[in-house]
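I have placed the structure first, in the form of structure tokens, so that the comments after it can refer back to it.
The values are calculated or read from the model by the stated rules, or taken from the named source; none is laboratory data. Since we're looking at a predicted model, the values are computed, not measured. So basically every Cβ, Gly included, is an ideal-geometry build from the backbone, and we count neighbours across all protein chains shown.
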Amino acid sequence: MATIVMKLNGTIYTTVMSLPYSPANKIRVSALLVLILAFASISSGQNAYEDNTYEFLKREYSLSKPYQGLGSSSSSHWEFMGNTMIMPEHIRLTQDLQSRQGAVWSRIPCYIRDWELRVQFKIHGEGKKNLNGDGLAIWLTKERMQNGQVFGNTNFFTGLSVFVDTYPNDDKQHERTFPFISAMVGNGSVAYDHDRDGRSTDLGGCAAHVRNVEYDTFLLIRYMKNRLTVMTDIEGKQEWKDCLDIPGVRLPLGYYFGISSATGDLSDNHDLISFKLYELTVERSPEEDQQEITLPSVDYRVDPNGNSNNKIIHSLHFSISYFTEKYKCLYLTNVFFTQFTWRKKEGASSPPYFSSLFPSLCWL
């Protein structure tokens, strides 16, 4: 009997294998242990962010119940506009009525270089599927407190926006399922294409069933070392799911955080529950410390079909990483299987299932 005990991401896993002792079984257990350790090292590497980064809540850039510091007075850190209503349990950016706009904007420019934003909200209404709209947007921009046609904010913005789009305006495309979360970086001269749901300028995104659901929606936006990451928690499990991960995003300091919403012929309630900004403390090289960004940019180029080099590179990166790990596993499989084949020729026996054991493990 062999017992394997492994601690992975703070959790202890124990596996008991009941095999009669023999040199062949000893090799089998050793080989399986090698593969487990390999996968463990990969998984632990994915959590390097938690191990090497510290976060601090920045209250001057945050909003939560009972929403103190929100108002028109000069001492307030936040102010609201349009049809926004402040309620005890949430901030209603727009009601479930047609042609409404609302927004909340920070008064204080943000000079935090690396940050993580966690937004809690709820979108709900009486309209049936695809008979609701339009969604909300989270901003970090040079401009603030301006009305417009982009989810209640101005077009040709300068900075970052993450859109939660609940209505498909482009009825000719079927590649996306709505609601859809996407991100865009604008430099003041690029327009958000409302009729195409921003597909020509976005950095990618994900479908997310955030409307009329039982639980509040949590959205995580992380900007760390020029890398933009968006994650979601829409099932109330307190587990983040990947939505977007884009390197090469450059955002200047001194921009303003905000969140806005709009309704048109179709409508929904768009409720902001909390908006919390955390400063991330990360190690930087001297070159990174001296980096000065004056205009928002991202390392990608959009073609007329709405594709981008960045989307292609991101997909290739994922594919290469995925199949590289599978290749490593299959390579080990080949080594072990070769050894067993040689041992069988020498007269040693091996169970018939073992030749297919490692290939099946590789594709778990």
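Quick look at the values:
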| item | result |
| --- | --- |
| Any hit, segment 146-158, residues being in a strand (DSSP E or B), in contact with a Phe, Trp or Tyr (Cβ under 6 Å, 6 or more places away or on another chain) and modelled with pLDDT of 95 or more | yes |
| Residues satisfying the stated conditions in segment 187-200, i.e. at pLDDT 95 or above and crowded, with 18+ Cβ neighbours inside 10 Å | Tyr192 |
| Conditions (1) aliphatic (A, V, I, L, M); (2) free of Cβ contacts under 8 Å to residues at least 40 places away in the same chain; (3) surrounded by 20 or more Cβ atoms within 10 Å (Cβ to Cβ); number of the one not met by Leu228 | (2) |
| Residue check, Glu126 at negative phi, part of a loop (DSSP other than H, G, I, E, B), surrounded by fewer than 22 Cβ atoms within 10 Å (Cβ to Cβ) and at pLDDT 95 or above | no |
| Scope segment 52-95; condition under 24 Å from the mean Cα position of the chain (by Cα) and over 21 Å from Tyr278 (Cα atoms); matching residues | Leu93 |
| Filter result (under 24 Å from the mean Cα position of the chain (by Cα) and assigned to a loop (DSSP other than H, G, I, E, B)) within segment 131-145 | Gly133, Asp134, Lys142 |
| Residue within segment 228-239 that is part of a loop (DSSP other than H, G, I, E, B) and under 24 Å from Met81 (Cβ atoms) present | no |
| Flag for Gly152 being of a type outside the set (Phe, Trp, Tyr), touching a Leu at 6+ places or on another chain (Cβ under 6 Å) and on the phi > 0 side of the Ramachandran plot | no |
| Odd one out for Arg100, checked against (1) under 21 Å from Leu219 (Cβ atoms); (2) buried (at least 19 other Cβ atoms within 10 Å of the Cβ) | (1) |
| Residue check for Ser267: assigned to a loop (DSSP other than H, G, I, E, B), closer than 21 Å to Leu136 by Cα and among the polar types (S, T, N, Q) | yes |
| Where Tyr111 falls short, out of the listed (1) aromatic (Phe, Trp, Tyr); (2) closer than 24 Å to Trp240 by Cβ; (3) surrounded by fewer than 20 Cβ atoms within 10 Å (Cβ to Cβ) | (2) |
| Residue in segment 187-201 that is in the same structural domain as Leu63 (by TED's automatic domain parsing) and part of a strand (DSSP E or B) present | yes |
| Residue selected from segment 203-238 under the condition at pLDDT below 95 and of a type in the set (Asp, Glu), by the criterion farthest from Lys128 (Cα to Cα) | Glu235 |
| Subset of segment 102-119 [assigned to a strand (DSSP E or B) and of a type in the set (A, V, I, L, M)] | Ala103, Val104, Leu117, Val119 |
| Condition check for Leu93: part of a loop (DSSP other than H, G, I, E, B) and more than 16 Å from Ile181 (Cβ to Cβ) | no |
